[in-house]
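Participant: Okay, here's the structure, questions in a sec.
The values are calculated or read from the model by the stated rules, or taken from the named source; none is laboratory data. Please read all numbers here as calculations on a predicted model, not as lab measurements. Cβ placement follows ideal geometry from the backbone for every residue including glycine, while neighbour counts extend to all protein chains displayed. Only protein heavy atoms, including side chains, enter the accessible area calculation; ligands, DNA and RNA are left aside. Shrake-Rupley method; radii C 1.70, N 1.55, O 1.52, S 1.80 Å.
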Amino acid sequence: MSAKVALIVVMPILAFSSFYSYYHSRIGEEILFRGFEMQLLHISQELERKVAPLAAKNNAAGLQFLVSDVAQRVDADLIVLYGPQEKVMAASKSRWTGSSLLGMNPEEISDNDVAAIKKGFTGKYSLYYDPFDVRYCLVAPIGYGKGGRGAALISLNMKPFLVDIKKDVIKILLASLLASVLIGTTIYFLFHSLFTKRLQAVSAAAMRLAAGEMNARAVVKGTDEIGYLATSFNLLAEDITNWRDNLEEMVTHRVKDLSALYEVAYAISQSLELKTVLPKVLDHVLDTVGEHKGIIVLVGEDGDTLKLIGHRNLSAEAIQQISRMRVGDGCAGDVILRNTSIRASDNEELRKKMPGMEREGIRSVLAVPISSRGTAFGAIAVYSDRKNRFSEQDEELLATIGSQVGVAVENARLYEKTLELAHEDALTGLANRRRLMEVLSKEVTRASRYNTPLSMLMIDLDRFKQFNDAYGHLKGDELLKKFAALLMKKIRSTDTAGRYGGEEFCLALPNTPIKGAVVIAERIRKAVEGLKINVENNSSPVGATISIGVAEFAQRETDEDLIRAADAALYRAKQSGRNKVTW
């Protein structure tokens, strides 16, 4: 069992590290591509400024010096200037000078390069990645003054950088593998020492006692359930010694108790899903006490109503009645309210707490709280058709099980809360980037499979850095939270809003074509214009604006293509003055 627990802990670590490695690789490549893109754009802008004056003077040597100088400074793989006649005016590879576009060797210039250069002559930009040569290329139109328009081909070698990213990923994987081995080994020995070994000590003592070794005792320290189990066993051994005449009955009873506790503990350890575990616990409880009717209830999220998690052999009317109970109602509700066990037989008080018990054939009830750290948040109740059916030992066993289940319920709820936080941005309450990417990937798959429209908004708070610098980060956080709250009010329940990073937000709009997305984006933009933040006591509230890029998913595209298109549209909105919606 120790090995299973270690494996259960290590596998998520390995899975997370693998995902993180992949995520790190993708983010690294994305940052790399964006950096190269900006570098290419800066190079093209420099060439645009300097080529025209040299071309106007027919200064071929100056053009060649310009190209060589720029290529050397920025470490460009290739820079080629094409004149209006589709001939090379200057190139970082000097042997190309004077060559015609269509007359060049295909091994030196690809069909993609040729197509992009021809677009450049028409005044269009082309930015593309050449996987064969591992180059990132930009073709930009170049004005030669009155001489017409040419084009510039600029490429940067990405291979060394991609190799570095892969090396980092390998390092992360190796480190996580080593950490997983160390963690797994540590957990194995800790679990073996804290649980398995101690359980084995109890089990070994029980086996010696069963073999006739009357002085057998479980030497297990601790005040937890296993320590309590060991103490119970030792008390049992003392009773056996004192009451030899009842040896067989008492041993049988205690072994059954131990088995029940073990089965319950094992069932609890298999899953954190309460709806799966608790009905199995109820089955083990009923088998242990030899009855066939019972329920498990938990307090609802409102702290007042009760949720029926498991039930056995009760009529539909009884189940409906229990489902309407609140804390304090019936035996189960009373147990939760008082956080103490109830063991009762057929009497007037029991009939008041359980109306209809005669119809169900119930004459005895044993109910214990499901609790942890002094707080009851559920109950286990077992019913019998015999009077005075349940003993003090039955109550003790069920109380122990209730405590075990209480710890399991608390852990399960903490686990659910952890999962919720793992998908939520801590500041804004919107989906975080990880959750946003998961949703977007699913929506792209659905849109591709069923050919339904899907649009995406990339939103940026205009001049947010200046706002932070002027009014402080606390006011910046307040602005982000208010914007997030406004965004949630303006979208549908089927839409997903998330914080992409910093002051950038994303909005995924399923079943929405781009025209509808633009309407939604414009509605959000106008609403933000009315958003005000109180920055100082004696100053007027400060407003904010946003820029929005809109993109629509096209068949055969990926989620990354959609993000890239929306990001490009956002870039255009910011470049054209901000406070705009661009698509």
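Participant: Any idea which of (1) modelled with pLDDT of 85 or more; (2) closer than 30 Å to Ile8 by Cβ is the one Leu314 doesn't satisfy?
Facilitator: That leaves (2) as the condition not met.
Participant: I'd like to know if the range 213-222 contains one or more residues that are in contact with a helix residue (DSSP H, G or I) (Cβ under 7 Å, 6 or more places away or on another chain), over 30 Å from Ala237 (Cβ atoms) and either surrounded by fewer than 17 Cβ atoms within 10 Å (Cβ to Cβ) or not aliphatic (A, V, I, L, M) (or both).
Facilitator: No, the range 213-222 contains no residue that is in contact with a helix residue (DSSP H, G or I) (Cβ under 7 Å, 6 or more places away or on another chain), over 30 Å from Ala237 (Cβ atoms) and either surrounded by fewer than 17 Cβ atoms within 10 Å (Cβ to Cβ) or not aliphatic (A, V, I, L, M) (or both).
Participant: Looking for whichever is open to solvent by less than 60 Å² (accessible area, probe 1.4 Å), at pLDDT below 85, under 22 Å from Cys331 (Cβ atoms) and small (Gly, Ala, Ser) here; the options are Gly294, Gly303. Which one fits?
Facilitator: Being open to solvent by less than 60 Å² (accessible area, probe 1.4 Å), at pLDDT below 85, under 22 Å from Cys331 (Cβ atoms) and small (Gly, Ala, Ser) holds for just one of Gly294, Gly303, which is Gly303.
Participant: Could you list, in sequence order, the residues of the range 344-368 that are of a type in the set (Asp, Glu) and part of a loop (DSSP other than H, G, I, E, B)?
Facilitator: Asp346
Participant: Continuing with the same structure: Residue by residue through the range 317-343, note down the ones that are open to solvent by 30 Å² or more (accessible area, probe 1.4 Å), outside any helix (DSSP H, G or I) and among the β-branched types (Val, Ile, Thr).
Facilitator: The answer is Val327, Thr340.
Participant: While we're on this one: When residues of the range 52-106 are filtered for being in a helix (DSSP H, G or I) and more than 15 Å from Leu138 (Cβ to Cβ), how many remain?
Facilitator: Matching residues across the range 52-106 total 19.
Participant: Can you find even one residue in the range 397-405 that is more than 21 Å from Arg312 (Cβ to Cβ), buried (at least 20 other Cβ atoms within 10 Å of the Cβ) and not polar (S, T, N, Q)? Quick ask: steps written out before the conclusion?
Facilitator: Residues of the range 397-405 that are more than 21 Å from Arg312 (Cβ to Cβ), as a first pass: 403.
Still in the list and also buried (at least 20 other Cβ atoms within 10 Å of the Cβ): none.
Within the range 397-405, none of the residues are more than 21 Å from Arg312 (Cβ to Cβ), buried (at least 20 other Cβ atoms within 10 Å of the Cβ) and not polar (S, T, N, Q).
Participant: Let me ask something additional. Hey, any hits in the range 180-200 for a residue that's within 31 Å of the chain's Cα centre (by Cα), small (Gly, Ala, Ser) and assigned to a helix (DSSP H, G or I)?
Facilitator: For the range 180-200, residues within 31 Å of the chain's Cα centre (by Cα), small (Gly, Ala, Ser) and assigned to a helix (DSSP H, G or I): present.
Participant: Moving on. Can you tell me which residue in the range 47-62 is surrounded by the fewest Cβ atoms within 10 Å (Cβ to Cβ), limited to those that are among the basic types (Lys, Arg) and more than 16 Å from Gly148 (Cβ to Cβ)?
Facilitator: Arg49
Participant: I'd like the residue in the range 86-95 that is in contact with a Leu (Cβ under 9 Å, 6 or more places away or on another chain) and of a type outside the set (Ser, Thr, Tyr) and, out of all such residues, is most open to solvent (accessible area, probe 1.4 Å). Write out each step before concluding.
Facilitator: Of all residues in the range 86-95, those in contact with a Leu (Cβ under 9 Å, 6 or more places away or on another chain) come to 86-93.
Within this subset, residues satisfying the condition of being of a type outside the set (Ser, Thr, Tyr) are 86-91, 93.
Numbers: Glu86: 57, Lys87: 105, Val88: 6, Met89: 75, Ala90: 0, Ala91: 0, Lys93: 74 Å².
Checked the range 86-95; the qualifying residue most open to solvent (accessible area, probe 1.4 Å) is Lys87.
Participant: Taking the residues in the range 381-406 that are touching a helix residue (DSSP H, G or I) at 6+ places or on another chain (Cβ under 8 Å) and among the aliphatic types (A, V, I, L, M) as candidates, determine which candidate is modelled with the lowest pLDDT.
Facilitator: Val405
Residues are listed down the side, and each one gets a yes or a no for (1) farther than 29 Å from Pro541 by Cβ; (2) of a type in the set (D, E, K, R); (3) touching a helix residue (DSSP H, G or I) at 6+ places or on another chain (Cβ under 8 Å); (4) open to solvent by less than 60 Å² (accessible area, probe 1.4 Å):
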site: Asn411; (1), (2), (3), (4): yes, no, no, no
site: Gly429; (1), (2), (3), (4): no, no, yes, yes
site: Arg463; (1), (2), (3), (4): no, yes, no, no
site: Asp469; (1), (2), (3), (4): no, yes, no, no
site: Glu478; (1), (2), (3), (4): no, yes, no, yes
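Participant: May I ask you to verify whether Gly35 is farther than 22 Å from Val181 by Cα, small (Gly, Ala, Ser), open to solvent by less than 90 Å² (accessible area, probe 1.4 Å) and modelled with pLDDT of 80 or more?
Facilitator: Criteria met by Gly35.
Participant: Inside the range 199-246, can you point out the residues that are among the acidic types (Asp, Glu) and within 22 Å of Thr400 (Cα to Cα)? It would help to see each step written out before you state the result.
Facilitator: The first filter runs over the range 199-246 and keeps only residues among the acidic types (Asp, Glu), leaving 213, 224-225, 238-239, 245.
Asp224, Glu225, Glu238, Asp239, listed by residue number.
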